[in-house]
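This report refers to the structure that appears directly beneath it.
Read-outs throughout are calculated quantities, based only on the coordinates presented, and are distinct from any laboratory measurement. Worth saying up front: this structure is predicted, and the values here are computed from it rather than measured. We place every Cβ from the backbone using ideal geometry, glycine too, and count neighbours over all the protein chains shown.
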Amino acid sequence: MNLEITNLSYTYNLYQPNAVVALRDINLIIPSGQTLGLLGPAGSGKSTLVQHLNGLLPIQEGSLGYDNIELTKGKSLPRNIRQKIGLVFQFAEFGFFEENVFDEVAFSPRQWGWLDDHVKQETFAILERIGFPVENAESRSPFQLSGGQQRLLALASVLVMNPEVLILDEPTVGLDAPARRRLSEIIKSIKNDNRTVIIISHDIDFVAPLVDRVLILKQGNVIGDADAYNTFTNQNLLQNAGMEIPSVFRYRSRLQELGIITAQKEMDVNELKKILRRIRI
């Protein structure tokens, strides 16, 4: 699904003395299958932007395009489009309420009227994909899981609906290193499905190897929109947004200065590790 945002602006508490402008005239096209990193300091408008995409916030000014469907002020997101856009909130696990893991993942399919056999098939399939032992799914409580497992369960609860667009809001908050690695692997596999993936994060080292393109917001304005390499090597832009150059680029830059590797745009952390191991040997 292609997404097009045209002249989108949004103000919280509109027409009130405490009004806060969250988005200012945003124009953006996200092609189907692209992985976009949405970065910026707290309060820059990132979450406000993506909450427009799945209809959680109404359009005040501007329009949204979903392939051949255009939404403007006063129009609601059609049900069939809403089903294609999955949003995993920052602490989605706080919303768990089912008694076991299986029912938590199966909740949305059941609400959408899927047949029981189809619900069971797709629920077990997505649990296997995220690496959860399916034999325990119907007996284990979501509240007995580790923080990392809960975050993956929240992701599974969205992926089971097979969304064409997946939005992850600060997916690494509170995760330890093994859970971060597992989440990174899952995102890479989702990219191979040719889905559109939007990652909101302050964790620039996590985002850098995963995204094709980076959009940076600050005070509701777009201050950067470029491919990952040109964004993450632009020190002035990153400093303006309160961010540092990702570690992988710092290591690569130093290895280039030493003449160990030649300049290249790829951001393969594993390849850099292999190079460092060879140097040590």
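If you place +1 on the Cβ of every Lys and Arg and -1 on the Cβ of every Asp and Glu, how big does the dipole about the Cα centre of the range 123-176 come out, in debye to the nearest 20?
It comes to approximately 80 debye.
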Note, Gly37: beta-carbon cut-off 13 Å, +1 each Lys/Arg, -1 each Asp/Glu, net -4
Once phi for every residue in the range 113-128 is put through the Karplus expression 6.51 cos²θ - 1.76 cosθ + 1.60 (θ = phi - 60°), the whole-Hz ³J(HN,Hα) values, with Gly and Pro written as x, are x, 5, 5, 4, 5, 5, 4, 5, 4, 6, 5, 5, 5, 6, 5, 4
With +1 on the Cβ of every Lys and Arg and -1 on the Cβ of every Asp and Glu, the dipole magnitude of the chain about its Cα centre, in debye rounded to the nearest 20, is 860 debye
With DSSP loop assignment and no more than 16 other C-beta atoms within 10 Å, the trypsin sites (Lys or Arg not before Pro) in the range 24-128 are Lys73, Lys75
Projected onto their principal axes, the Cα atoms of the chain stretch, largest extent first, over whole-Å spans of 60, 53, 35
Inter-part gap, Cα centre of the range 162-183 to Cα centre of the range 202-249, in whole angstrom, is 18 Å
Ordered by number, the chymotrypsin sites (Phe, Trp or Tyr not before Pro) in the range 1-63 that occupy a DSSP loop and have at most 12 other Cβ atoms within 10 Å are Tyr15
With the dipole of the chain defined by +1 on each Lys or Arg Cβ and -1 on each Asp or Glu Cβ, the option from Ser247, Val214, Gln51 whose Cα lies farthest towards the positive pole is Ser247
Scaled by the rule-of-thumb 2.2 N^0.38 Å, the alpha carbon Rg for the range 100-161 gives a ratio of 1.00
Whole-Å distance linking the alpha carbon centroid of the range 80-106 with that of the range 62-76 is 25 Å
